[in-house]
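Where a number appears in this text, it was derived from the coordinates with a stated rule and is not lab data. Predicted, not measured: the structure shown is a model, and the values here were computed from it. Reconstructed Cβ throughout: ideal geometry from the backbone, glycine too, with neighbour counts over all protein chains shown.
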Amino acid sequence: MQGVEVRSYLIKTDDRIVVIYNSPGLSRDKAAIADLGKPSSILMSHWHEAMYGDQLEIPTYVSAADLSQTNASMPKVADLLAFHRLSDSIDIISTPGHTAGFTMFLWTCGDRRVLFSGDMIWLHDGRWDAVVLGESDRQQYIASLEAVAEIAFDVLVPWVSKRAKPYAILSDKYSARAQILEIVRRVRNGENA
């Protein structure tokens with residue numbers, strides 16, 4: 001898609017710095033990232049993030065269902081279950097549909113809950129949208145969205161956003177649920193967004 005950009009986010013948990021999403025910015029901002037402290041790992045929501053390669057040379061994780069595609073360009077990536085055994089501070093939420101192993105991450109930061117939705121949910125021209133691809137499983141996508149609609153979170157942080165537009169979305173449980181169920185309705189009706 002033209003006019004969009006992808007981002008990575010550094011989050012500081014109680015005991016480590018973790019990067020959420022792989023993006024070209026990791027290479028560009030490598031020195032600034034090092035000044036903040038060396039991240040312990042990168043969590044990828046799905047195999048499409050592998051197109052940017054291994055930029056920080058730190059342990060990187062993706063769901064087992066997306067591991068073979070990821071390993072084609074990033075051979076050292078490991079199964080997210082290995083990360084899950086390393087940290088209790090980030091919830092790993094299996095949300096297949098966009099890809100077979102798509103995963104969202106829920107981080108509790110103080111009294112805020114931040115949902116990293118990859119590009120399974122993103123803000124497109126003011127509307128929360130899906131990204132249903134040829135490889136996507138529409139029924140799994142719908143089931144995953146319905147499950148995510150029941151999660152309470154305050155901030156939605158997609159991997160992708162329109163250039164020069166908001167990249168994080170403040171919300172409340174009821175508004176988020178309504179937005180996500182509207183995506184479900186469109187996807188169920190055959191739309192791809």
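Calculate the spin-label point distance for residue 72 paired with residue 155, positioning each point 7 Å from the Cα along the beta-carbon direction, and give it in nanometres.
So the label points at residue 155 and residue 72 sit 3.4 nm apart.
Quick check: from the Cα gyration tensor, does the range 122-193 come out rounded (a/c under 1.5), prolate or oblate?
Oblate shape, in that a/c is at least 1.5 and b/c is the bigger or equal ratio.
What does the C-alpha gyration tensor say about the overall shape of the range 1-148? Classify as rounded when a/c is under 1.5, otherwise prolate if a/b is larger than b/c, or oblate.
In terms of gyration-tensor shape, rounded.
What FRET efficiency would be calculated for the residue pair residue 185, residue 135, taking the C-beta separation as r and a Förster radius of 30 Å, to the nearest 0.05?
Efficiency, rounded to the nearest 0.05: 0.85.
What list do you get for 107, 159, 47 if you sort them by fewest beta carbons within 10 Å? It would help to have the intermediate numbers written out before the result.
Values: 107 21, 159 28, 47 25.
The order, fewest Cβ neighbours first, is 107, 47, 159.
Quick one: which of 5-12, 99-106, 29-36 comes out on top by average Cβ neighbours within 10 Å, and what's the full order, highest first?
Values: 5-12: 17.6, 99-106: 23.4, 29-36: 12.0.
Result, highest mean first: 99-106, 5-12, 29-36.
Can you tell me which of 90, 42, 20 moves the most in a GNM of the chain? Springs connect C-alpha atoms under 10 Å apart.
90
So how strong a dipole does the range 4-188 carry about its Cα centre when Lys and Arg Cβ are +1 and Asp and Glu Cβ are -1, to the nearest 20 debye?
Its charge dipole is roughly 380 debye.
Could you grab the relative contact order for the range 42-155? Cα pairs under 8 Å, six or more apart, rounded to a whole percent.
Relative contact order comes out at 22 percent.
Using a Förster distance of 25 Å, how high is the FRET efficiency between residue 5 and residue 127, based on the Cβ-Cβ distance and rounded to 0.05?
The computed FRET efficiency comes out at 0.85.
Straight-line reach from residue 173: which lysines have a Cα under 25 Å away, not including same-chain ones fewer than 8 places off?
12, 162, 165
List, in order, the whole-Hz ³J(HN,Hα) value for each residue of the range 101-107 obtained from phi through the Karplus relation with A = 6.51, B = -1.76, C = 1.60 and θ = phi - 60°; use x for Gly and Pro.
Computed from phi, the couplings for the range 101-107 are x, 3, 9, 10, 10, 10, 10 Hz.
Once the Cβ-Cβ distance between residue 143 and residue 31 is put in as r, and R0 is 35 Å, what FRET efficiency do you end up with, to the nearest 0.05?
Efficiency computed from Cβ-Cβ geometry: 0.25.
Starting from the 7 Å offset along Cα-to-Cβ, what nm value, one decimal, do you get for the label separation of residue 81 and residue 163?
4.2
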